[in-house]
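Asker: Below: one structure in structure tokens.
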Amino acid sequence: MVRRSVGLMLVAGVVASASPALADDNDVIVGRLATRVTDSSGNLVRVVPQNLELRALASQLGVALAPHLLTPADTIGFGGFQFTVDYSATTIDAGQDYWRARAGDPATASDMLQTIGLFVRKGMWFPVPSFEVGGGAVHLLDSSIWTGQLYAKLALHEGYRSLPLPSVAVRGAVSRMMTQRDLDLTVASLDVTVSKHIGIGGTWRLDPYGGWNLLMIVPRSEVIDPTPHIDQLQPGNEMDSELNFVFREQDTILRHRFFLGAKLRYHVFQLTLEAHVAMAGRSVDNMPGTDVACMPSSTTTLCDAADTSSSQRTLSMSAGFEF
């Protein structure tokens, strides 16, 4: 009986591992952002990737997966340590055609992307005083997408709490999307933050803050098979591999964000609330050799793709411990 049970468990494991993975609603299938060109008989002869749609999709997804802010200008001190759970909800233009790249049913798709993450932040005295580093992992809900995030912050001016002078800091950060087969997405970030410490009753600490943030979004396509249902190794299907395509590399997508927030701390407990607005995308991918703008359902990739994404709003919350 023991051997039979072990055998059944092994068979079940093999069957489970051989089963195709199912995509969650917010997973990304960028192969859908392509125009299929057929001949007079209806046979697929080529596939034209739509760079215009990829740019808008990467722009909006990049804002949702961008490095988290959720800190005032003041560092936590070179002896300080913080552990938090972060939550964010970001609006998207779910009705736009490029969001058909989402694996879920477009008819029931939400117009908001939600993330949850775990972060660790540590104050440092090296290489300069008032230095802080942090890192964490962020998960896009209803998907298999995870991002790894890192940042370094330098407080240019802090600690003058008895004077009407704000603290000022600059920070650089990066977010890298993982676990998606067709698309690599990297988001670099640079921001300037201004905040002011306010003591309340000698026990509470309030730090309202605000600032500006520049996002630099870099999408990169892997090789995409537009006919995954066809086995290219079967006799007679050898030519199907010629339909495979790659979205060409685009110029960096730029987005500007403005943010306001407040951090409330009592003893070792802290709660941070934040809202930010990403302005509409305006950057253009300048394709060498042409000044023609890409159009929807274009049959050529020799065109300039403009970022058509509209403004986005994000609400974020961070709760945790600070020592």
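What follows draws every value from the coordinates through simple rules; no lab data is involved. Given the structure is predicted, the values throughout are model-derived calculations rather than measurements. As a convention, Cβ positions derive from the backbone with ideal geometry for all residues, glycine included, and neighbour counts pool all protein chains shown.
Asker: Highest mean first, what order results for 139-150, 193-204, 77-88 on Cβ atoms within 10 Å? It would help to have the intermediate numbers written out before the result.
Answerer: On the way: 139-150: 18.9, 193-204: 13.8, 77-88: 17.1.
Ranked by mean Cβ neighbours within 10 Å, highest first: 139-150, 77-88, 193-204.
Asker: Let me ask you something else. For Asn244, what is the net charge nearby, where nearby means another residue's Cβ is under 12 Å from its Cβ and Lys, Arg count +1, Asp, Glu -1?
Answerer: Here the charged neighbours net out to -4.
Asker: Here is a further query. Under 8 Å for C-alpha pairs, at least 6 residues apart: give me the relative contact order for the chain, rounded to a whole percent.
Answerer: 20
Asker: Given labels modelled 7 Å from the Cα in the Cβ direction, how far is it in nm from Arg161 to Glu222?
Answerer: My value for the distance between the label points is 4.9 nm.
Asker: Sticking with this structure for a sec: Report the net charge of residues surrounding Ser309, where surrounding means a beta-carbon distance below 9 angstrom and charges are Lys +1, Arg +1, Asp -1, Glu -1. Present the calculation step by step, with values, prior to reporting the outcome.
Answerer: Details: positive: Arg55, Arg255; negative: Asp93, Asp307.
So the surrounding residues net to 0.
Asker: Note the angle between two axes, namely the Cα long axis of helix 2-18 and the longest principal axis of the Cα atoms of the chain, as a number of degrees from 0 to 90, rounded to the nearest 10.
Answerer: 80
Asker: What is the dipole size for the chain, taken about its Cα centre, with +1 at each Lys and Arg Cβ and -1 at each Asp and Glu Cβ, in debye to the nearest 20?
Answerer: Taking the Cα centre of the chain as origin, the dipole is about 1300 debye.
Asker: Which order do peptides 207-215, 243-251, 62-70 fall in by mean Cβ count within 10 Å, highest first?
Answerer: Order by mean packing, descending: 62-70, 207-215, 243-251.
Asker: So, one more: Hey, what angle do you get for helix 51-64 against the long axis of the chain, alpha-carbon based, 0 to 90 degrees rounded to 10?
Answerer: The answer is roughly 30 degrees.
Asker: 222 nm [θ] for the chain, helices only, -39500 (n - 2.57) per DSSP H run of 4+, per residue, to 500? Write down the numbers at each step before the final one.
Answerer: Working: 2 runs with 31 residues, N = 323.
Value at 222 nm, helices only, nearest 500: -3000 deg cm²/dmol.
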